[in-house]
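Structure first, commentary second.
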Amino acid sequence: MKTSNFKMASPKDARSLLGRAVVVALLPVLAQMPMAALAEETVFLSPATSYTGTFTNPDNAFSSNNVYAVAESSGISQQYGDFSVSGIPVGAGINGIIVRIEGNSTGPTQGTRKFKADLSWDGGNTFTSGTDGLKETGGNFGTSDSTAILGTNIDDWGRNWTPGEFTSTDFRIRLLSNFNQATSLRVDHIQVKVDYTPAPSDLSALAVSDSVIDLTWIDNSNNETNFLLERSIAADSGFAQIAKLDPNIEAYKDEGLACGTTYYYRVRANKSEGAFTSHTNVANATTNACVGDDLAPPTITINTPTDGASYILNDVVYADYFCVDNVAVLTCAGDVADGAQIGTDSVGSHTFTVEAEDTATPANTASLTHNYSVVFDFGGFRPPLDPTGPREFKAGSTIPVKFQLFDVDGYPVGTASGTATISTSPLASAAIRYDDTAEQYIANLKTLKGTTPGQYTITVHLNDGSDHLINVTLK
């Protein structure tokens with residue numbers, strides 16, 4: 001909630017006196033209004049300390065004033081810290097970190113003129129890495145100041161952060177210079193912003209019958225994507241997710257429970273995949289006593305991977321599943337933990353299985369399997385098999401079948417195997433091979449002399465199970 005500072009004018013101003021009276025009259029009303037949800041991002045914050053590095057005058061990057069910290073050669077780095085990150089509540093989920101770099105280059109304006117950046121959470125001993133953790137500015141810096149943004153409000157730079165890692169000494173940004181023709185790269189100002197989701201709180205549980213417990217909690221944020229409700233029959237272990245709820249929900253009715261049983265609950269929120277808040281307090285309630293037998297197995301729901309789904313090689317896919325039971329779930333376990341990444345680093349058919357067991361005696365068990373596939377990103381046929389061209393060849397000639405394959409990040413893949421065939425009679429085929437220089441596959445299809453002129457289909461079958469077709473004409 002924003003507040004304003006009121007400056008009272010001279011009593012000689014009648015209008016000012018009236019304004020003062022209105023404000024005083026409203027104070028009791030304002031005092032009874034509910035507080036707004038906590039702020040969910042910091043402002044852009046500037047460093048106050050430069051640490052390890054070889055930039056010239058590194059402290060000049062503390063503010064935007066056209067005085068520069070200078071990288072006089074490519075491949076050198078400079079660490080910045082003491083950003084005074086404050087106000088992130090304990091238990092908040094860190095959704096994303098945004099780095100803003102203002103600067104320019106000197107000398108020739110050709111070639112690469114970029115900064116890279118990575119982040120540390122332990123005082124510069126360890127830094128984020130990989131595609132997500134080491135980011136490079138998109139455009140080249142010119143001779144006039146420009147601003148580059150790295151990261152987004154849902155980009156965690158490849159790791160799960162906690163509020164306690166943003167201390168003045170532990171959290172750092174490391175800038176790395178990358179240029180090949182310019183004289184230098186210069187930084188006028190570096191800043192950081194942190195996006196977070198405050199954790200829910202004050203969970204309470206109330207049994208209203210022998211099979212129903214009502215739950216309520218406080219939503220302390222306004223940017224959550226879901227509330228995740230977990231349940232266990234033990235106070236400090238065995239929690240399994242039973243519901244994924246829409247934002248702004250603050251109550252849930254847990255139905256179909258076993259009679260005479262104590263259930264324990266906790267709630268957490270998330271905004272982006274993998275960015276969870278801490279849990280609320282654990283609340284419990286005991287359903288009313290009754291008599292009956294539990295003969296039904298647990299019910300398993302797998303949201304991700306969906307059955308029959310297809311993902312591109314190296315895609316980032318998070319498992320999403322939960323188990324429920326009319327008494328209580330004892331175990332609910334998948335091939336990976338709920339919220340963890342499933343395997344997409346090899347092509348072909350895959351399975352994902354979740355198994356569950358309840359607390360009945362004897363126990364009831366259940367198992368659910370989803371099938372999914374991982375495929376290459378097919379880059380299309382290349383000349384002479386131009387999709388927009390005539391694609392006419394002489395019978396008896398050799399047709400070079402060329403194409404490219406990529407992973408989800410657009411990197412060329414050279415490990416595929418497969419065959420190319422043409423639907424002549426008899427069928428002609430050739431194995432594909434990879435050309436490292438051209439970063440493409442090729443299969444030389446030798447057609448037969450005397451083949452009846454007409455249209456035929458070339459099929460490329462890959463070891464990911466996919467087929468890619470294109471028609472040609474033999475003359």
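On the basis of being assigned to a loop (DSSP other than H, G, I, E, B) and of a type in the set (S, T, Y), does S86 make the cut? Spell out how you get there, then give the answer.
On the way: assigned to a loop (DSSP other than H, G, I, E, B): yes; of a type in the set (S, T, Y): yes.
So S86 fits the description; yes.
Out of all the residues in the stretch 278-285, is one or more more than 34 Å from the chain's Cα centre (by Cα) and either modelled with pLDDT under 95 or not assigned by TED's automatic domain parsing to the domain that holds D155 (or both)?
To start, the set of residues in the stretch 278-285 that are more than 34 Å from the chain's Cα centre (by Cα) comprises 285.
Okay, now just the ones that are also either modelled with pLDDT under 95 or not assigned by TED's automatic domain parsing to the domain that holds D155 (or both), so 285.
Yes, the stretch 278-285 contains at least one residue that is more than 34 Å from the chain's Cα centre (by Cα) and either modelled with pLDDT under 95 or not assigned by TED's automatic domain parsing to the domain that holds D155 (or both).
When you go through (1) surrounded by 13 or more Cβ atoms within 10 Å (Cβ to Cβ); (2) modelled with pLDDT under 95; (3) over 30 Å from D335 (Cα atoms) one by one for G396, which number turns out not to apply?
Every listed condition holds for G396 apart from (1).
Would you call T344 polar (S, T, N, Q) and in a loop (DSSP other than H, G, I, E, B)?
Yes.
Identify all residues within the stretch 347-360 that are assigned to a strand (DSSP E or B) and within 19 Å of C259 (Cβ to Cβ); write none if there are none. Before the answer, list the steps.
Going residue by residue through the stretch 347-360, those that are assigned to a strand (DSSP E or B) are 348-358.
D358 - this is the single residue of the stretch 347-360 that is assigned to a strand (DSSP E or B) and within 19 Å of C259 (Cβ to Cβ).
Between T225, T197, which is surrounded by 19 or more Cβ atoms within 10 Å (Cβ to Cβ), under 24 Å from N153 (Cα atoms), among the hydroxyl-bearing types (S, T, Y) and at pLDDT below 95?
On inspection, the qualifying residue turns out to be T197.
Okay, residues lined up against (1) within 30 Å of G256 (Cβ to Cβ); (2) in the same structural domain as S310 (by TED's automatic domain parsing); (3) not polar (S, T, N, Q); (4) not in a strand (DSSP E or B):
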position: P362; (1), (2), (3), (4): yes, yes, yes, yes
position: T369; (1), (2), (3), (4): yes, yes, no, no
position: T388; (1), (2), (3), (4): no, no, no, yes
position: S429; (1), (2), (3), (4): no, no, no, no
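Can you tell me which of D315, D246, D325 is within 20 Å of the chain's Cα centre (by Cα), crowded, with 16+ Cβ neighbours inside 10 Å and among the charged types (D, E, K, R)?
Answer to the check: D315.
Considering G75, G111, G138, which residue is under 25 Å from the mean Cα position of the chain (by Cα) and part of a loop (DSSP other than H, G, I, E, B)?
None of the others qualify; the one that does is G138.
The values are calculated or read from the model by the stated rules, or taken from the named source; none is laboratory data. None of the values given here were measured: they were computed from a predicted structure. Glycine also receives a Cβ, built like all others from the backbone with ideal geometry; neighbour counts cover every protein chain displayed.
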